[in-house]
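Down below is the structure, laid out as structure tokens.
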Amino acid sequence: MINFRYHLVSVTAVFLALAIGLVLGTTALNGPTLEVMSEQVATLRDDNSTLRDQVLELETAAANEQEFADAVAPATLAGTLDEEQVVVLSVAAADQAHVEGVTTMLEYSGATNVGQLTLTDVFINPGNSDMLVDLVADLTPPEVEPPNNNDGVESASALLAATLLADGPATADDRDALIEAMVELQMITVDVELADQATAVIVVTGKPYAGTDAAGQNTNVLNLVNQFGEYGPIVCAAPTGAGDGNVISAVLGDPELADAISTVDNVAGPEGQLATIMALPERIAGTAGHYGTGEGATALVPEPA
């Protein structure tokens with residue numbers, strides 16, 4: 001008859017067998033296993049040390065590049081944009097450190113920064129096209145004729161360019177009314193208050209959008225840049241020229257846009273920020289250049305003016 005003692009003996013035997021198995025297994029594998037694990041740890045330690053050294057080298061190189069750009073920028077850029085009024089635009093996807101680098105370089109050129117705006121994702125979102133179409137219909141002065149194709153970002157970008165740029169047909173009052181309405185709709189933030197209308201524009205973008213609405217968002221960034229190219233001198237700067245939907249590759253892939261819009265594909269670094277300002281005088285003079293390190297760039301930086 002099976003009783004409590006039987007169960008107790010059975011359970012004890014099971015645990016004893018497990019204990020003996022663990023001891024035997026540890027004894028059998030202890031030497032080779034520990035040796036392999038020790039070798040792996042040593043390898044990982046060496047790899048980690050190598051990677052740490054590489055990171056330090058890259059950080060040092062980046063600091064040296066920034067120091068070099070800061071040293072040469074004042075002499076290189078001095079007077080190149082005297083009497084020019086430049087407005088700086090960025091999209092929400094742009095890294096603000098890149099925008100700040102560009103505006104710092106702009107200060108050396110003699111140009112007046114007449115304003116700095118950020119186009120938010122509310123503006124870029126394809127789902128808000130109808131809202132922008134209505135906005136354009138309400139605020140377009142008679143002398144401006146934006147595209148009439150029910151594309152909200154394209155039409156609004158054309159109206160924005162016509163009002164921000166001095167060569168556009170609109171007035172500063174038209175501009176202020178448009179900016180006020182766009183701020184209220186959370187489509188624009190004003191980072192530096194607008195002063196005079198601009199003679200040229202810099203647009204700083206980010207990496208291509210990703211996600212379900214990416215195709216429409218990237219098309220809208222291109223529409224923004226394209227419309228400003230229709231109304232005045234523009235340099236478009238991005239941290240890369242690669243990737244699906246990239247604004248730089250889109251410009252370079254269209255001969256008409258490439259002749260109207262200057263591009264810089266490495267604005268993440270000090271050379272790209274310097275090149276962005278160097279590219280503006282030649283664009284004002286009528287020549288579009290394409291600079292950086294990516295495919296389609298003709299040089300790292302323009303020839304000094």
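The values are calculated or read from the model by the stated rules, or taken from the named source; none is laboratory data. What you see is a predicted model, and the numbers here were worked out from it, not measured in a lab. Note: ideal-geometry Cβ built from the backbone for every residue, glycine included; neighbour counts use all protein chains shown. Please note that ligands, DNA and RNA were not included when accessible areas were found on the heavy atoms of the full protein model with its side chains. Shrake-Rupley method; radii C 1.70, N 1.55, O 1.52, S 1.80 Å.
Table: residues versus (1) surrounded by 20 or more Cβ atoms within 10 Å (Cβ to Cβ); (2) modelled with pLDDT of 95 or more; (3) more than 30 Å from residue 151 (Cα to Cα).
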position: 57; (1), (2), (3): no, no, yes
position: 61; (1), (2), (3): no, no, yes
position: 83; (1), (2), (3): no, no, yes
position: 87; (1), (2), (3): yes, yes, no
position: 90; (1), (2), (3): yes, yes, no
position: 112; (1), (2), (3): no, yes, yes
position: 124; (1), (2), (3): yes, yes, no
Any pair with Cβ under 6 angstrom, 6 or more apart, that starts in segment 125-136 at a residue that is touching a residue at least 12 places away in the same chain (Cβ under 8 Å) and ends at one that is assigned to a helix (DSSP H, G or I) and buried (at least 20 other Cβ atoms within 10 Å of the Cβ):
129/152; 132/152; 132/156; 133/152; 136/155; 136/156; 136/159
Taking only segment 76-135 into account, find how many residues are more than 16 Å from the chain's Cα centre (by Cα), assigned to a helix (DSSP H, G or I) and charged (D, E, K, R).
3
Could you list, in sequence order, all residues of segment 227-282 that are within 22 Å of residue 111 (Cβ to Cβ) and of a type in the set (Ser, Thr, Tyr)?
231, 262, 263, 276
Here is a list of conditions, (1) within 26 Å of residue 263 (Cβ to Cβ); (2) outside any loop (DSSP other than H, G, I, E, B), and residue 181 meets all of them except one; can you say which number that is?
(1)
Of everything in segment 279-292 that's open to solvent by 20 Å² or more (accessible area, probe 1.4 Å) and of a type in the set (A, V, I, L, M, F, W, C), which residue is nearest to the chain's Cα centre (by Cα)?
288
Of those in segment 266-278 that are part of a loop (DSSP other than H, G, I, E, B) and hydrophobic (A, V, I, L, M, F, W, C), the residue least open to solvent (accessible area, probe 1.4 Å) is 267
So, residue 295, is that one surrounded by fewer than 22 Cβ atoms within 10 Å (Cβ to Cβ) and in a helix (DSSP H, G or I) or not?
no
Go through segment 213-265 and give me each residue that's out of contact with any strand residue (DSSP E or B) (no Cβ under 8 Å at 6 or more places or on another chain) and either of a type in the set (Val, Ile, Thr) or assigned to a loop (DSSP other than H, G, I, E, B) (or both).
213, 219, 239, 240, 242, 243, 244, 245, 246, 253, 254
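Let's see how each residue does on (1) surrounded by 23 or more Cβ atoms within 10 Å (Cβ to Cβ); (2) without any contact (Cβ under 8 Å) to a residue 60 or more places away in the chain; (3) farther than 28 Å from residue 301 by Cβ:
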| position | (1), (2), (3) |
| --- | --- |
| 169 | no, yes, yes |
| 184 | no, yes, yes |
| 190 | no, no, yes |
| 202 | yes, no, no |
| 215 | no, yes, yes |
| 226 | yes, no, no |
| 248 | yes, yes, no |
Just give me the residues in segment 136-151 being part of a loop (DSSP other than H, G, I, E, B) and touching a Leu at 6+ places or on another chain (Cβ under 8 Å), in sequence order.
140, 144, 146
